[in-house]
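The values are calculated or read from the model by the stated rules, or taken from the named source; none is laboratory data. Not measured: the values here are computed from a predicted model. Because the Cβ atoms are built from the backbone with ideal geometry, glycine has one as well, and the counts that use them run over all protein chains shown.
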Amino acid sequence: MELLDYLPDFMAGLKEMQELTKAEQPEIAAAIRAVRTAPDEFFITTLSPAGAKRWEEMLALPVQESAPIADRRFRILTKATEQRPFTLRRLKELMTTLCGEDGFTVAMVGSTFTLTVRVMLKVRQNYDDVETLLNRIVPENLVLDLSLMYNQHQTLAAFTHAQLAAYTHYFLRNEVLPHGNN
């Protein structure tokens with residue numbers, strides 16, 4: 001949108017008007033960009049870095065401008081979706097939102113008041129944020145047992161010895177396997 005195009009022909013030909021619209025054009029362009037991107041700042045999944053900073057400040061989260069925007073959005077989503085009272089059903093909803101449908105397991109042992117949460121290797125980049133969330137929302141009378149769900153025998157059983165020989169022991173235990181479940 002050029003401001004000069006909105007002027008009548010007799011005004012657009014004046015040198016003063018040309019210079020005036022030339023000076024105002026960058027500000028108008030910036031305002032148009034802001035209006036067009038404003039809806040993205042309403043939703044956590046589409047936040048820009050500037051929008052993420054604003055949300056982090058509102059939610060009293062540390063502003064980490066050097067972190068990837070996906071990580072910042074995840075941290076904001078974690079904080080924004082926490083809600084009390086604590087129920088196992090609500091926890092599973094939160095974990096599904098944060099780690100995906102098959103990115104975790106949750107089990108509660110009532111006799112020992114132990115809540116066991118395992119985060120799959122494929123979403124391990126979210127582990128610290130999941131831990132922060134759980135430490136905030138899990139009641140103090142429960143023992144929280146949180147860890148990564150490493151590859152196990154049943155996962156490795158799908159592969160032949162020749163296929164497994166291509167990888168180190170560390171890789172087989174700690175990394176997402178090609179066509180694996182974690």
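Points worth noting:
- Residue in the range 130-144 that is hydrophobic (A, V, I, L, M, F, W, C) and in a strand (DSSP E or B) present: yes
Yes or no, residue by residue, for (1) more than 30 Å from PHE171 (Cα to Cα); (2) of a type in the set (D, E, K, R); (3) touching a residue at least 60 places away in the same chain (Cβ under 8 Å); (4) surrounded by fewer than 20 Cβ atoms within 10 Å (Cβ to Cβ):
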| residue | (1), (2), (3), (4) |
| --- | --- |
| ALA60 | yes, no, no, yes |
| GLU65 | yes, yes, no, yes |
| ALA80 | yes, no, no, yes |
| LEU88 | yes, no, no, yes |
| THR116 | no, no, no, yes |
| VAL130 | no, no, no, no |
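- When GLU56, GLU16, GLU41, GLU24 are checked against the criterion of being of a type in the set (Asp, Glu) and free of Cβ contacts under 8 Å to residues at least 12 places away in the same chain, a single residue qualifies: GLU16.
- Residue match in the range 17-38 (condition: loosely packed, with under 11 Cβ neighbours inside 10 Å and not in a helix (DSSP H, G or I)): no
- Taking the range 145-160 as the range and being touching a residue at least 12 places away in the same chain (Cβ under 8 Å), part of a helix (DSSP H, G or I) and polar (S, T, N, Q) as the test, only THR155 passes.
- Considering the range 132-156, the residues that are surrounded by fewer than 12 Cβ atoms within 10 Å (Cβ to Cβ) and more than 27 Å from the chain's Cα centre (by Cα) include one that is farthest from GLU175 (Cα to Cα), namely ASN141.
- Residue satisfying all of: in the range 104-129; in a helix (DSSP H, G or I) and not hydrophobic (A, V, I, L, M, F, W, C); modelled with the lowest pLDDT among these: ARG124
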